[in-house]
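Since the structure comes first, as structure tokens, the remarks are kept for the end.
The values are calculated or read from the model by the stated rules, or taken from the named source; none is laboratory data. Because the structure is a prediction, the values reported are computed rather than measured. Using ideal geometry, Cβ is built from the backbone for each residue, glycine included, and neighbour counts are taken over all protein chains shown.
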Amino acid sequence: MGMFKKKETKDGFRAVLYHAGGLPIAEDTQCDISVIQGRMVITGGGSEFVVNLPQIKAVDFKTDVEIANIVNSSAAKGIAGGLLFGPIGLVVGARATSKKERTVTPYLIINYISSSNEISVLMFRDNPSSYQAAKFIDRLRPLISDNPKQSFQL
């Protein structure tokens, strides 16, 4: 497994995180996630995935413990948690509640509109001490803050 060098470019930024869900690659695959020229490019598992910034509707930083609290707080919220975080969120939440040792694991969560016009979720795990996910979100949020809201008939 090759290591990506952490580097910033003049017109972009990047983070190296681990795939938790949302892409057709193995869980825990190391991914290089960069934002450059109006696009987020995710490279991992021998593939490259592109999400145009206008497709991104929300980004968030949550720990496995926070996800577990949202998913497990009640049956109704469990359903909402599944919608917010996708099926992987339910798995992350279950893992966090079953852990005996408490190591808080941070996650980068991206809600976007897929090419099939559906709300989709990408989740990436960060190392607890790297803070790359939080820094990435701090740089990405201002770039998507003016993205138009989209309505969906449920």
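Table for the structure above
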{"item": "Failed condition for ASP146, given (1) closer than 14 Å to LYS57 by Cβ; (2) assigned to a helix (DSSP H, G or I); (3) of a type outside the set (A, V, I, L, M)", "result": "(2)"}
{"item": "Every pair of residues 6+ apart whose Cβ atoms lie under 7 Å, when the first sits in the range 92-116 and is assigned to a helix (DSSP H, G or I) and buried (at least 20 other Cβ atoms within 10 Å of the Cβ) while the second is at pLDDT below 70 and among the aliphatic types (A, V, I, L, M)", "result": "GLY93/VAL71"}
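Residue-wise test of (1) within 24 Å of LEU154 (Cα to Cα); (2) in contact with a strand residue (DSSP E or B) (Cβ under 8 Å, 6 or more places away or on another chain); (3) modelled with pLDDT of 70 or more.
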| position | (1), (2), (3) |
| --- | --- |
| GLY45 | no, yes, yes |
| VAL50 | no, yes, yes |
| LYS57 | yes, yes, yes |
| ASP64 | no, yes, yes |
| ALA68 | no, no, yes |
| ALA76 | yes, no, no |
| VAL92 | no, yes, no |
| ARG95 | no, no, no |
